Amino acid sequence: MEKGILKISQISKIYTLKFPLIVFILILLSFFSLFIKAESYAVATRHHLATDIGMKVLEEGGNAIDAAVAVAFALAVVNPSAGNIGGGGFMLIHLAEKNETISIDYRERAPIKSFEKMFQDSSGNVIKGLSLNSILASGVPGTVAGMFYVSEKFGTIDIKSLINPSIHLAKKGFVLSDFQAKNLNKYKKKFAKNEEAKKIFTRTNGFSEGDNFIQINLAKTLERIAKNGKNEFYSGETAKKVANFFQDNGGILTLEDLNLYKLRIQKPVCGSYRSYEICSMAPPSSGGIALVQILNILENIDLSKLNHNSEEYLKILLSAMDYAYKDRAKYLGDPDYFRVPQDLLTSKKYAYEIYQEIQENKISPKVNINIIEGEETTHFSIYDKWGNAVSNTYTLNTAYGSGIIPTGTGILMNNEMDDFSSKPGHPNTYGLIGSEANKIEPKKTPLSSMSPAIVFRDERPYLITGSPGGSTIITSVLQEILNVLDFQMSLEESSEKSRIHFQHLPDILFHEQFDGSLIESLKKEKKLINRKLGEIHSILIRKDIVEAFSDKRRPDGKASAVYK
Ligand code: GLY
């Protein structure tokens, strides 16, 4: 045989011998890589103690849902400005084994005695502050129902042991950070209006970094909930304390409201973006529809060919945001009360029509309305070693909700009624306007912007993400998705990029830090306001590497990831 030359028959002989071996090695390698991936897990939250609690649950064999329940109760203690049991939110769960993604709406509902004009005076003017800082501001809380439901349905660990770490933190206290101490002091006036809030959340000389912060009544309430279950909150001693307080103080939230609280299991809103699938919350959140709508519009352009955060890039983003928020105001509300044209709003055809309009530059100037005030809410992302994912955003609405604690409970109540449209065209605290779709009705759920999201690649979770920030939640989540998918950024790189927010009304472009020449140029077309946007807590699963990141726009957050 000539050197270096093999006959066809010889080649096939070698292949016959080695092919099975090669296949075997490949199977082994892919099994091994799956194995590595399957051992990875991560948690990203707004507070390091909550992240540690979530990670411990995962380390000890709990799944993502167990960890989510433990984290949600922990944040109610260590992040009282937004973490809660007196509020509500949305949880997106991806169940790896079934390859199924579901969403839970455990948001607040309007009390039975609420009515359309409850925040207006006899002349039809909206009474300032009534939907935010009064006994009428609270919807019926859903967080406890939400956590018990997901724990019973998808969890593997007894919920008592998931609540225990939070009881401990409330009873023994935790150390306040500089940010938290200052934040509590900032809201001193809000707490001063309620006896129990004043006692717990204020100090004569203010709080300082390093103070141990104890919440005895909250610890007792959590203990009762752990012992007696969900009914403790909705019909037990806690429910009675809450209802009596509301009755004694001119409120409309009753024991019947608490008894009748029902969460909703929903199909998430999903759409495709390039080669990815994005899922987020369906109405009563505007998040899923708006995200999919904006991404559908942007899909008509190859964004990766534009310079990130260039003028051209930002202008196309703000145009797409403009259309989505205009539709939000007109068409979105609780789907049990208003027929939301979801299919139209999320269709590629509709997005293409908008894209063409944007190209023709048909956006008309708008009037300015109230400037957006402060924001709160908190998001956490969790991924477990089985490939399950949880993306959860929940809130009291603005920081510390209404600032009202029913006596003896330690529970800060939400002020979510402000997320309804108090009057058509009247802006809420975020400057968002609404219409018929989001008017107040008994038992109805106020429209939200919370957008817990999961991006899938090849049917597996790729990016788990979400943000606080009221109306800016949607645009923050959007820019995280674009940074990662179109610009291949790591989570850390993405978090370092400035973001913009535009919501149709007011006609103001909110922006983070950009260079002077870009600002000068944008100023020619829009009124600009420089403002820090919400911090993002994300997990990115690229092949067998799991990256978790809590962005540094606010301190105290922590992301932990383990990949073995
Ligand atoms: N409370 C803010 C939101 O739900 O969008």
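Values quoted throughout were computed directly from the atomic coordinates according to the rules given, and no laboratory measurement underlies them. Only a predicted model underlies this, so the values are computations on that prediction, with no experimental measurement involved. Reconstructed Cβ throughout: ideal geometry from the backbone, glycine too, with neighbour counts over all protein chains shown.
General observations
- Screening the chain for whole DSSP H helices with an alpha carbon extent of at least 27 angstrom along the helix axis and a mean Kyte-Doolittle hydropathy of at least 0.5 yields 8-38.
- Taken over region 457-564, the ratio of Cα radius of gyration to 2.2 N^0.38 Å equals 1.18.
- Footprinting exposure proxy for PHE246, PHE514, PHE179, PHE90 (fewest neighbouring C-beta atoms within 10 Å first): PHE179, PHE514, PHE246, PHE90
- Likely footprinting exposure, CYS279, CYS270, fewest C-beta neighbours within 10 Å first: CYS270, CYS279
- Ratio Rg/Rh, restricted to region 46-166 and using Cα atoms, in which Rh is the Kirkwood radius: 1.10
- For peptides 92-99, 74-81, sequence by mean Cβ density within 10 Å, most packed first: 74-81, 92-99
- Computed over every Cα-Cα pair of the chain and binned at 10 Å starting from 0, the pair-distance distribution P(r) comes out as 4, 18, 28, 25, 14, 5, 2, 2, 1, 0, 0 percent.
- Since only GLY403, ASN300, SER538 are under comparison, the one whose Cα sits farthest along the positive direction of the charge dipole of the chain, derived from C-beta charges on Lys, Arg, Asp and Glu, is GLY403.
- In this structure, the amide hydrogen of ALA282, modeled 1.01 Å from its nitrogen in the peptide plane, lies closer than 5 angstrom to those of VAL269, counting only residues at least 5 positions away or on a different chain.
- Beyond 25 Å, the tail of the calculated P(r) for region 105-216 holds 49 percent of the Cα pairs.
- The sum of -39500 (n - 2.57) across all DSSP H runs of n ≥ 4, divided by the residue count of the chain, sets its helix-only mean residue ellipticity at 222 nm to -11500 deg cm²/dmol.
- Hz values of 3J(HN,Hα) by residue in region 550-564 - Karplus curve (6.51, -1.76, 1.60), Gly and Pro given as x: 10, 6, 8, 4, 10, x, 6, x, 8, 10, 10, 9, 10, 10, 9
- Across q = 0.13 Å⁻¹, region 272-401 modelled as identical point scatterers on its alpha-carbon atoms has Debye log10 I(q)/I(0) values of -0.71, in the order of the q list.
- In order through region 270-286: 3J(HN,Hα) via Karplus (6.51 cos²θ - 1.76 cosθ + 1.60), integer Hz, x for Gly, Pro: 10, x, 9, 9, 6, 9, 10, 10, 10, 10, 8, 6, 7, x, x, 9, 8
- Residue exposure sequence - ILE159, ILE519, ILE289, ILE104 - by fewest surrounding Cβ within 10 Å: ILE519, ILE159, ILE104, ILE289
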